Ligand code: SF4
């Protein structure tokens with residue numbers, strides 16, 4: 001989408017380095033056809049490769065047993081690898097959330113999060129996933145209550161092992177399938193860039209600046225690696241995806257959208273089970289509105305007026321709230337689709353009743369819902385969590401004003417896996433990373 005790229009004025013983004021190397025994972029059918037042709041092979045070989053990469057999620061050329069041994073050797077000799085990203089490290093929360101440090105072929109790392117039972121983000125957005133959320137709301141409330149009790153007496157572990165929920169009399173192995181672990185569905189939170197340039201003031205990722213864009217294969221590959229870890233069978237297990245990890249997907253638009261197609265057509269996850277969150281990249285939203293296959297949209301609003309938003313999200317200097325809302329209004333929504341507005345509540349900054357009333361005015365008449373996120377603390381970030389009363393009052397005011405509003409369940413706070421908490425845990429080993437400037441706006 002050239003529009004998003006050129007109009008965004010992100011010259012720095014265009015100049016970001018991309019990984020070198022011959023990675024098969026991330027190629028679409030046409031590109032695989034070119035690989036086959038270059039090796040003097042028939043076009044149907046491309047289909048075999050495509051199925052092996054995305055349906056079977058094979059991790060090595062040698063493992064593509066639908067190809068002849070001779071062809072596998074030819075691919076390897078030509079330097080082709082599958083190059084699916086690898087899980088390097090796992091942090092496991094007491095609530096079952098897993099945060100992964102995932103390594104790309106060139107050694108860069110990002111973080112990806114697995115949330116069994118999700119975080120309630122889809123509630124009220126009109127989709128099938130939302131209906132499932134509603135049905136399971138009571139169970140989720142029970143789980144949250146027991147989680148709170150458990151968190152008071154527990155610490156998380158960082159390793160590749162398992163966790164147990166004390167008091168429930170069962171150990172839950174995270175390596176198992178969803179059914180084996182006792183969960184009904186899961187949400188995977190994916191990164192789209194190595195770091196982020198947007199510089200939202202409440203976000204830990206922003207502290208580390210931007211390294212580079214991820215390729216489509218590296219974005220979809222995070223999903224494949226996590227699905228493999230949990231032996232997920234698409235079609236049987238219910239998997240939701242949120243593009244809400246490290247990075248701004250609309251500043252890596254082409255690779256992001258290509259990854260969506262690979263995830264939908266190749267891996268088999270319906271687009272209705274995907275949500276992309278943007279900080280408000282106007283040309284990106286406009287391009288997104290024109291896509292025929294696309295996830296649902298969530299806009300990180302986080303303030304009720306431009307003055308507060310500029311302080312919290314400096315990107316507001318470039319695109320104002322009114323412009324973003326106009327672009328959202330212009331999206332041709334599908335049946336059962338609502339736009340989600342994410343709103344991180346920052347104590348004393350944007351969580352007052354007058355802010356709630358301003359939000360209602362902004363969103364009036366829109367087919368929309370609001371997800372409130374109680375700010376998750378991160379080291380070196382100088383905000384306060386709002387009180388439970390302030391969050392509840394904010395929610396009540398919006399609901400009373402006719403806006404469906406939900407408070408997102410925090411997942412994995414103890415392992416820094418919650419919203420705005422993702423960072424690169426290798427940063428301590430590579431301290432130069434913190435020196436990269438984050439402020440692009
Ligand atoms: S909230 Fe998202 S867009 Fe903002 S700095 Fe963090 S990762 Fe980037």
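Here are the numbers for this structure:
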quantity: Sites residue 76 and residue 55, calculated FRET efficiency, Cβ-Cβ separation with R0 30 Å, nearest 0.05; calculated: 0.90
quantity: By average C-beta atoms within 10 angstrom, highest first, the peptides 21-31, 343-353, 377-387; calculated: 343-353, 21-31, 377-387
quantity: Mean Cα-pair separation over length for region 22-77, i.e. relative contact order, pairs under 8 Å, 6 or more apart, %; calculated: 26 percent
quantity: Projected label distance in nm at residue 323 and residue 399, using a 7 Å step from Cα toward the beta-carbon; calculated: 3.6 nm
quantity: Relative exposure of 300, 292, 272, judged by other C-beta atoms within 10 Å (fewest first); calculated: 292, 272, 300
quantity: Order of 267, 315 under a 10 Å beta carbon neighbour criterion, fewest first; calculated: 267, 315
quantity: Ranked list, fewest to most other Cβ atoms within 10 Å of each Cβ, for 189, 200; calculated: 200, 189
quantity: Relative contact order (%) - criterion: Cα under 8 Å, at least six apart; region: region 267-317; calculated: 37 percent
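We did not get these values from a lab; they are worked out from the coordinates using the rules stated. All values derive from a computational prediction rather than experimental measurement. When we count neighbours, we look across all protein chains shown, and the Cβ atoms used for this are built from the backbone with ideal geometry, even at glycine.
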